[in-house]
Structure formats: structure tokens, C-alpha cells
Ligand code: 13P
């Protein structure tokens, strides 16, 4: 059972040098008030090195939002080696926005997972169904399919660490989150799938997480953390979100739903 609740701040393609400096300074100042949280800040690559320098010496980590695999010429891409070199410890892989905008297939995503694991970056693999898939009752089948690559990698390397982020596509950036019972069912399903291979994974929820709902989400069984988009790029929201998550964890078991 992991003892820290993970908060992954996925800034996506947002920010500027000054906003990054402001957010990082605020998190650095306050993080000691959140002993139960583990924060992973994932800025755009341009700001990764300065984020790492600013956060050096704290228990806040930095992660990238993607990587490229292989050693062939790949103009515009960033390798796992480079991310390691500037201090990244984590990397988000297979985000639904990349699956949609960059047409990333499960095969490409598996190659990225493999590159991350080989270079000792912890991958945060995003999975989640579209609204049509949910309405047709295919949520768990879609998630099982999206996890196939990760499962075969874990079978080949049982020591590899991988984090799964359940992000229903219809909740990303929409202001609506999945219900507590739906989150619990999907997280339990993911954990059980990996348990069949003697691997325990941390499972995060993502999709319209904010300061108002994070305590409820944190209290749901099988939720090991959250991945936050919009609310992570505003200083007031992310500080308040962390304050409330810390409280939500403290009451886990009391507030537990379902
Ligand atoms: P929002 O929190 O803006 O819905 O984004 C979620 C997300 O995509 C995190 O990776």
C-alpha cells in the first residue's frame, strides 16, 4: 500500500517562464504542509530544466508529458535520455490528447513505455474511454485493451514500476468528473488486472479534478492519487487543491463512499 497520495500536475501546453516560476515558488514554499502528498510537476519540456533546478532539494519531483523512443533521427522529439539528463523522474505516456491529436496507437504507446522503463523513468500511462464507448457498455474492455502493452512489459520485467492514470475522455477539461462508484469500479478492475501478474500498481484518477472535488475523490477506495490539468496551472487552485487533498487523505476510511 503506497503511503503517499500522488498529485500529478499536468500543465499541458500552458504556462510561460514567469507563470512557471510563480507556480513552482508557491509549491516549494508550501509543500512541507502536505506530508501525506507526493507532488509530480509535469511542465512543458521547455520549462522542465528550470523546474528541476527550482525544486532541487525538495521532495517535489518533475516529470515530462511525453517522450520519443529509438535512436533514429527524430526532429522535434525528446528522448528518455534527455529527460533523465535534465532531472525528470516521471513521464506521462498515452494521454488522450496525444492519442487524438497525434494519432498515437497502442503500439507506439507501448514502445514509449518500454523506452521509459529502460531508462528508469517511471511512466504514468493514461487510459480511459470515450463517451460513446461508455454508453455502449465497453468501458472495461477498452481499458483492458489499452493496458495490454503495459501488462506484457510488466510480465517481461516484473520489477518495473508503472503508474496508471484513469482519465475518462469525457471528463478531461469538461468540468464533469466520473462518479465515485464508476471510479471505484475502474480502479479496482485495473488493480486486479495487474495483480494477476503479481504486480501492484498505483492508480490515479484524472478528469476535471479541482479543489472542490479532490477530497471526495481522494476518499474513494482504490484511488492512489489524481492527475490534474486545468486546476494545476493556477496558483490559488493548486495550493487549495493540495490543502484539501491532504485533508481528504486524513479522513480516508471515514468519508469512504460506496
Ligand atoms: P483537466 O483536469 O483539465 O480535466 O485535465 C485532466 C488531464 O488531462 C490531466 O492529464
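The values are calculated or read from the model by the stated rules, or taken from the named source; none is laboratory data. Since the structure is predicted, the reported quantities are computational estimates derived from the model, not experimental observations. Please note: Cβ atoms are built from the backbone with ideal geometry, for glycine as well, and neighbour counts cover all protein chains shown.
Observations
- Pairs with Cβ under 6 Å, 6+ apart, first in region 208-226 and within 19 Å of residue 12 (Cβ to Cβ), second more than 12 Å from the ligand (Cβ to nearest atom): 211/240; 211/244; 214/244; 214/245; 225/5; 225/6
- Within region 80-118, the set of residues being assigned to a loop (DSSP other than H, G, I, E, B), buried (at least 18 other Cβ atoms within 10 Å of the Cβ) and in contact (Cβ under 8 Å) with a residue 12 or more places away in the chain comprises 88, 94, 95.
- Some residue of region 223-232 being surrounded by fewer than 24 Cβ atoms within 10 Å (Cβ to Cβ), modelled with pLDDT under 95 and touching a helix residue (DSSP H, G or I) at 6+ places or on another chain (Cβ under 7 Å): no
- Residue 122 meets the conditions (1) within 20 Å of residue 200 (Cβ to Cβ); (2) surrounded by fewer than 18 Cβ atoms within 10 Å (Cβ to Cβ) in every case but one. The failed one is (2).
- Scanning region 187-196 for residues that are within 18 Å of the chain's Cα centre (by Cα) and without any contact (Cβ under 8 Å) to a residue 40 or more places away in the chain yields 187, 188, 191.
- Scoring residue 4 on the criteria (1) closer than 29 Å to residue 142 by Cα; (2) away from the ligand (no atom under 16 Å from the Cβ); (3) surrounded by fewer than 16 Cβ atoms within 10 Å (Cβ to Cβ) leaves a single failure, condition (3).
- Exactly one residue out of 235, 184 is in contact (Cβ under 8 Å) with a residue 40 or more places away in the chain and surrounded by fewer than 17 Cβ atoms within 10 Å (Cβ to Cβ): that is 235.
- Close pairs from region 1-24: first at positive phi, partner more than 16 Å from the ligand (Cβ to nearest atom), Cβ under 7 Å, at least 6 apart: 15/47
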